[in-house]
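These notes concern the structure reproduced below.
The values are calculated or read from the model by the stated rules, or taken from the named source; none is laboratory data. Small disclaimer: the values here were computed from a predicted structure and weren't measured. Neighbour counts are summed over all protein chains in view; Cβ atoms, including those assigned to glycine, are modelled from backbone coordinates with ideal geometry. Surface accessibility is based on the protein's heavy atoms, side chains included, excluding ligands, DNA and RNA. Shrake-Rupley method; radii C 1.70, N 1.55, O 1.52, S 1.80 Å.
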Amino acid sequence: MANEQALIVDLHIPYCIRPERYSAAFGAVGTNAQKDAYLRALQREIRAWEGELDGYVVRAVRLGGGSASVMSPDLLGETLSLLRRTLPMAPGAEVSYDALPNTIGTPSLTGIASGHPTRVELMVRSIHDDELSALGCPFTAQDVRNAMLFLGRFHVNNIGMTIHYSIPGQTDVSWHNTLHACAIMRPAHILVEPLAVTGAEGMPSDDARYAMYAHACEFLRASGYIHYAAGHFCLPGHEYLFDALRLNGTPFVGMGVNALSLLEGVMTRNTNNLPLYVKNAGDFEKQTAQILPLSPEQLMEEYVLGRLRLTQGLLHSLFEARFAQPVPEGLTRQLEAMAEAGWLEVTPEGYLPTTQGLFAAQNGRVEVHIACQP
């Protein structure tokens, strides 16, 4: 597998217990029969990829989108086992799934265990019940603590926690308390994310949001966590490999409703019609809603945007090795403008994002337009 290109796979699970406020997730709610039918459809799509990925090796898999743990644990384990048999998996590949705290227990952990997941991303959101209520979460802070206890009993050590800043009503003190509580529980990884919606009543101002992000960077670093990407903090050797590879421009295959893929320079998206996907999954012609070949300049844009969310930044040597050319003059001008705004530090090796730059990138404010440059 030494000469094969790395690949990541995103299995999109659209279901949740109930849609949460300010969330960008698909947010489907269904019966057990509907959710089981979806996983069977996802299995058909996995089988359809058999033999289609020659020259690639899967380094990381994520079951995300809504919350994988609301699905049948046995079918989740079966789906992961099928994926391991069907796709060219690397030895020791990361296999991560998103889980709501109140769905963690003996039945769920024993069911999915047959698929040999290596990582759990616990969707903590906050450790304050009033903030969880503001988000419409179907769990409490006590559910978070209980989930960590269960995971410990099952010897699940590679645990990530996703927490949010800029929750309506959130204060500097409550944010610090959430960071502190998570750091005490010592997960291998902490993902700090802003809400998908901004400007709603009761949400902190933009300056307050940046202050929360900067405080997370300072506090978690002091707690022994490495800040390796925008909002991503890990104990040494516990990077969220899926996200790290994605930000480094690794090709990816998305499976499921509304899933996105970028392979061989072509971006495709599955239908976002859930019943249509369940009906046609496994038939690429019928399940695909969009096919978009990307130009070399568009591929550069994808790569640059990802690298500007990594603390290592955009390095001249890596760009030239990847695209067989130096950073284009038009892009250089844009990067220098970001440096003047305080978002980047210019070094002989390349462009390193500052804390302000990582905050801007995480909040969707960093844009580059190589294709439009003269």
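Given the conditions (1) open to solvent by less than 60 Å² (accessible area, probe 1.4 Å); (2) more than 18 Å from P353 (Cα to Cα); (3) not in a helix (DSSP H, G or I), which single one is not true for A196?
(1)
Just checking, which of L276, L263, L292 is at pLDDT 95 or above, exposed (fewer than 15 other Cβ atoms within 10 Å of the Cβ) and within 24 Å of I13 (Cα to Cα)?
Selected residue: L292, the only one of L276, L263, L292 that is at pLDDT 95 or above, exposed (fewer than 15 other Cβ atoms within 10 Å of the Cβ) and within 24 Å of I13 (Cα to Cα).
Are there any pairs with C-beta distances below 6 angstrom linking a residue in the range 55-81 that is without any contact (Cβ under 8 Å) to a residue 12 or more places away in the chain to a residue that is crowded, with 23+ Cβ neighbours inside 10 Å, with the two at least 6 apart or on different chains, and if so which?
Taking only residues 6 or more apart or on different chains, not a single pair turns up.
Results for (1) on the phi > 0 side of the Ramachandran plot; (2) surrounded by 15 or more Cβ atoms within 10 Å (Cβ to Cβ); (3) over 22 Å from the mean Cα position of the chain (by Cα), shown as yes or no for each residue.
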site: L241; (1), (2), (3): no, yes, no
site: A244; (1), (2), (3): no, yes, no
site: G249; (1), (2), (3): yes, yes, no
site: M267; (1), (2), (3): no, yes, no
site: K286; (1), (2), (3): no, no, yes
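Being buried (at least 18 other Cβ atoms within 10 Å of the Cβ) and either of a type in the set (A, V, I, L, M, F, W, C) or modelled with pLDDT of 95 or more (or both) is the filter here, so list the residues in the range 13-27 that pass it.
I13, C16, A25, F26
Table: residues versus (1) under 19 Å from the mean Cα position of the chain (by Cα); (2) under 24 Å from S69 (Cα atoms); (3) open to solvent by less than 10 Å² (accessible area, probe 1.4 Å).
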site: H128; (1), (2), (3): no, yes, no
site: F154; (1), (2), (3): no, yes, no
site: Y165; (1), (2), (3): yes, yes, yes
site: Q170; (1), (2), (3): no, no, no
site: V173; (1), (2), (3): no, no, no
site: I190; (1), (2), (3): yes, yes, yes
site: A208; (1), (2), (3): no, no, no
site: M212; (1), (2), (3): no, no, yes
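Please indicate, with yes or no, whether at least one residue in the range 214-232 is assigned to a strand (DSSP E or B), aromatic (F, W, Y) and either in contact with a helix residue (DSSP H, G or I) (Cβ under 8 Å, 6 or more places away or on another chain) or open to solvent by less than 20 Å² (accessible area, probe 1.4 Å) (or both).
Checked the range 214-232: at least one residue is assigned to a strand (DSSP E or B), aromatic (F, W, Y) and either in contact with a helix residue (DSSP H, G or I) (Cβ under 8 Å, 6 or more places away or on another chain) or open to solvent by less than 20 Å² (accessible area, probe 1.4 Å) (or both).
When you look at L7, is it crowded, with 20+ Cβ neighbours inside 10 Å, out of contact with any Leu (no Cβ under 7 Å at 6 or more places or on another chain), among the aliphatic types (A, V, I, L, M) and not in a loop (DSSP other than H, G, I, E, B), yes or no?
Judged against the criteria, L7 is not a match.
How many of the residues in the range 28-60 are hydroxyl-bearing (S, T, Y), open to solvent by 60 Å² or more (accessible area, probe 1.4 Å) and part of a helix (DSSP H, G or I)?
0
With the requirement that a residue be open to solvent by less than 30 Å² (accessible area, probe 1.4 Å), within 26 Å of I13 (Cα to Cα) and either free of Cβ contacts under 8 Å to residues at least 24 places away in the same chain or among the acidic types (D, E) (or both), what does the range 295-340 give you?
Once the filter is applied, which keeps residues that are open to solvent by less than 30 Å² (accessible area, probe 1.4 Å), within 26 Å of I13 (Cα to Cα) and either free of Cβ contacts under 8 Å to residues at least 24 places away in the same chain or among the acidic types (D, E) (or both), the range 295-340 yields nothing.
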